[in-house]
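Derivation of every value follows stated rules applied to the coordinates shown; laboratory data play no part. These numbers come from a predicted model, not from an experiment. FYI the Cβ positions are ideal-geometry reconstructions off the backbone, even for glycines, and counts take in every protein chain you see.
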There are 2 protein chains.
Amino acid sequence: MFNLNFADEYILCEGNSTNLECCLECSIQILEATYGRTNSIVCPHDTVFNSTEYNYTNSASTNVSNACDGKQSCLLNSNNDLYDDPSPGVFKYLNVTYECLQADLRNPTACKCVGAGTYISTVPRRKMTEKAYIKGSAFPPLVDGKLRLYSMRLCPYAQRTRIMLAHKKIPYETVNINLTEKPEWFLEKNPLGMVPVLEHDGKIVYESAICNEYLEDIHKQNSVTPTDPYRRARDKMLLEMNSKFTTAYYKALQGLKGEDANSLIEAVHASLVPLEKAIGERGNFYGGDKPSMLDFLLYPHYERIEGIRTGFHADFMPMDKLPKLNAWVSRMQTVPAVKETMFDAQTHIDFYKSYGSGKTDYDIGLQ
Amino acid sequence: MFNLNFADEYILCEGNSTNLECCLECSIQILEATYGRTNSIVCPHDTVFNSTEYNYTNSASTNVSNACDGKQSCLLNSNNDLYDDPSPGVFKYLNVTYECLQADLRNPTACKCVGAGTYISTVPRRKMTEKAYIKGSAFPPLVDGKLRLYSMRLCPYAQRTRIMLAHKKIPYETVNINLTEKPEWFLEKNPLGMVPVLEHDGKIVYESAICNEYLEDIHKQNSVTPTDPYRRARDKMLLEMNSKFTTAYYKALQGLKGEDANSLIEAVHASLVPLEKAIGERGNFYGGDKPSMLDFLLYPHYERIEGIRTGFHADFMPMDKLPKLNAWVSRMQTVPAVKETMFDAQTHIDFYKSYGSGKTDYDIGLQ
């Protein structure tokens, strides 16, 4: 009976209560309920900005299910007594995901009746299309308070920011862009015409490294920036060094069928030597024991190398020459935030082939 | 009798005393003495890192001159009782500039006798050459604790960091580099082979924006970075936008004698429209009332436009099209830190002409 397309997510700030309601002849089905805090956006409060980590939630599912399941309306309470206090001193919220169900499901949308009380914040789980918006398409309306990422599914730069959002567990919605024929409204967001772009409460941020720094600045949880100024400077220098690799990478990719393909591929290897040296000095990740901002900014281009290796029979990162970098890529692919954003080698191959054909398929793999 | 080439600068941390000495038959001449703090490097102390501004000094010249002038040796004391306390709660230092003088000055160097006490830090005012170091030249030895800037006198990117150093009143020495024939040891400092590069206590920082951020991070005085995260993000986006201008700028400069010079110059105007719009919205400076980090990063290329206007009869920034940007450049040239780093239009013209001739004169204007 469950259908996530029609689920709604409700946030109720600590200390408040409200009625959760479905229309007549519909009944509530609680999918999940948690009490605590996993981000700093919703239910803002002084106590939130004094903390840096928001990982503390209790499940409140049983309690809320008991109160609501099968009913047309039920009272939600958001307080420490009901669900215990997972993070004393920090202002919390109740997060409820639920559906309104009809017996025959012939018309599930008609069943929704969002008539919540005064203190409720709505974060509807809208079913947005993954398909790329193209020139001439209508602008997808913004939702108050909802962070939006303008992205392109296979873009390595957008992936940098998708990893950051996943790592920080920041709720957001995605609007994918056809970068060959851009929607007119997209160029109003970013005159440079590139993804990623973040939009939130009238604020626009673009350029992947700037987006990630901005997210780090406004969402303190799960920080990935080194605190030492010299380490920060060195990481930025390594990122600058990495841009030599990305230049060589795209040049080689374009010349794979040409006569000088081998020398172009050699240039990619050479550009990677400083990165191989650095990861050798630093440990499992560029951040040492844990992935840092630099790991997130570097990773996406390297994800694509396996596809180039198998699909185009060109090895941009030979194991014998760059063993540590290869090991780092495998290690990165076990990091939860990275796993959430990955595409498999075959999808990258198919995408690059469509790009090479002059008709890039931005919706590759979608139904 | 004064000759600044032979002056020495001495730093004596608060609470210490030492003898200032010249050799036999030489006598001390105090040039200047201050008590307080104008930077965060020397005499490090816990109290220093809690403060953000270091502009407080008293003149201690009269007091120190009375104690030392004409003597072969004198006792220096660094304490609040003697010079009053210009910044209570902050650890201070006495900064003395003096010469050792002989009656006939036939051999002034023989007169120096640096035999200072245990608690003194030496910051010798070495006479370094302004001339560019070239391939094959010997590495100029580092001085313990002294910050060094690898620069090129006319390089706009190095000027970004020179302005920052001047604004923050950070003591440093300059090593200019011949960028056509680079000294071998320079590529060990920065494998990208570009200026500016900072070197301090074995730490190397390159790329102008990274250098300036690093200086801001480690020297809290005279901060120029916006505190609001979104403002910081917007400034970085504007800097990114400015890179469209610098690309158009160099392209136009190279094509000034070609047939399509006019369209290249038009492209420069077009690239400047977003910058004109932004300064119009922000006020006197990109930082509003006061110059900010962004002003310092943007300014150097615009300084050169007057030279291009008069020396090459090409107007990259026409007054009628970009009035606010023109006014901003004039305003920037009244900022003390900018004035310290400027070259006049004719020097820029001469430098560009030498560059265009294929034999760049890095020592233009020097004796």
Here the correct list, in nm and shortest first, of distances from A:PRO140 to the same site in the other copies, label points 7 Å along Cα→Cβ, is 5.7
Collect residues whose amide H, placed 1.01 Å from N in the peptide plane, falls under 5 Å from the amide H of A:THR57; neighbours closer than 5 in sequence don't count.
A:ARG37
In cubic angstrom, how much convex hull volume per residue do the alpha carbon atoms of region B:179-237 span?
108
With the calculation restricted to Cα positions, what are the radius of gyration and Dmax of chain B in angstrom?
23.3, 72
Please turn the phi angles of region A:194-210 into ³J(HN,Hα) values with the Karplus equation 6.51 cos²θ - 1.76 cosθ + 1.60 (θ = phi - 60°), one per residue in order, whole Hz, x for glycine and proline.
10, 9, x, 9, 9, 9, 7, 6, x, 9, 10, 10, 10, 6, 4, 5, 5
Please order A:VAL48, A:VAL175 by the number of other Cβ within 10 Å, starting at the fewest.
A:VAL48, A:VAL175
For A:LYS146, A:LYS189, B:LYS92, B:LYS131, ascending order of other Cβ atoms within 10 Å (fewest first) is B:LYS131, A:LYS146, A:LYS189, B:LYS92
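So for region A:234-291, Kirkwood radius off the Cα pairs, Stokes-Einstein at 25 °C and 0.890 mPa s: how many µm² s⁻¹?
Details: Rh = 12.3 Å.
Diffusion coefficient, whole number: 200 µm²/s.
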Once you sort the root eigenvalues of the Cα gyration tensor of region B:151-202 as a ≥ b ≥ c, which label holds: rounded (a/c under 1.5), prolate (a/b larger than b/c) or oblate (the other case)?
oblate
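How large is the dipole of chain A about the Cα centre if only Lys and Arg carry +1 and Asp and Glu carry -1, each at its Cβ, rounded to the nearest 20 debye?
740
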Sort out for me the Cα centre separation of region A:208-255 from region B:297-367, rounded to whole Å.
32
³J(HN,Hα), Karplus 6.51/-1.76/1.60, whole Hz, each residue of region A:155-172, x for Gly, Pro:
7, x, 5, 5, 4, 3, 7, 5, 5, 4, 4, 5, 4, 8, 6, 8, x, 7
Using amide H atoms built in the peptide plane, which far-off residues or other-chain residues are under 5 Å from A:GLU32 H to H?
A:THR97
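Per residue of A:236-242, count partner chain C-beta atoms within 10 Å of its C-beta, then hand back the mean as an integer. Show your work: numbers first, answer last.
Numbers: counts 7, 10, 0, 2, 6, 3, 0.
What the average comes to for A:236-242 is 4.
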With the dipole of the protein assembly as shown worked out from charges on the C-beta (+1 for Lys and Arg, -1 for Asp and Glu) around the Cα centre, which of A:GLN221, B:MET237, B:ASN79 lies farthest toward the positive end?
B:MET237
When B:VAL329, A:VAL273, A:VAL338 are arranged by how many other beta-carbons sit within 10 Å of their Cβ, fewest first, they go A:VAL273, B:VAL329, A:VAL338
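Could you work out, residue by residue across A:200-208, how many beta carbons of other chains sit within 10 Å of that residue's beta carbon, and then give the average as an integer? Don't skip to the answer; put the middle values down first.
Values: counts 1, 1, 0, 4, 4, 6, 4, 6, 0.
The per-residue average across the peptide is 3.
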Classified through the alpha carbon gyration tensor (a ≥ b ≥ c as square roots of its eigenvalues; rounded if a/c is under 1.5, else prolate when a/b is larger than b/c, else oblate), region B:250-320 comes out prolate
Against the globular-protein guess of 2.2 N^0.38 Å, express the Cα radius of gyration of region B:233-367 as a ratio, rounded to two decimals.
1.06
Listed by chain and number, the residues whose amide H is under 5 Å from that of B:GLU173, excluding neighbours fewer than 5 places away on the same chain and using placed H, are B:LEU147, B:ARG148, B:LEU149
Bin all alpha-carbon pair distances of region A:150-299 at 5 Å intervals from 0 and give each bin's fraction as a whole percent.
2, 8, 16, 18, 17, 16, 12, 7, 3, 1, 0
What's log10 of I(q)/I(0) for the protein assembly as shown at q = 0.08, 0.11 Å⁻¹, Debye sum over Cα points only, no solvent?
-0.83, -1.33
Whole-Hz ³J(HN,Hα) from phi, Karplus 6.51 cos²θ - 1.76 cosθ + 1.60, for region A:222-238, glycine and proline x:
6, 4, 10, 9, x, 7, 6, x, 6, 5, 4, 4, 5, 4, 5, 5, 5
Output needed: percent of Cα pairs per 10 Å distance bin for region A:289-332, bins running from 0 to the one holding the longest distance.
27, 54, 17, 1
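Expressed as cubic angstrom per residue, what is the convex hull volume of the alpha carbon set of region B:300-367?
Values: hull volume 6.0 nm³, N = 68.
About 88 Å³ per residue, rounded to a whole number.
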The relative contact order of region A:254-367, taking Cα pairs under 8 Å that sit 6 or more residues apart, comes to a percentage of 24
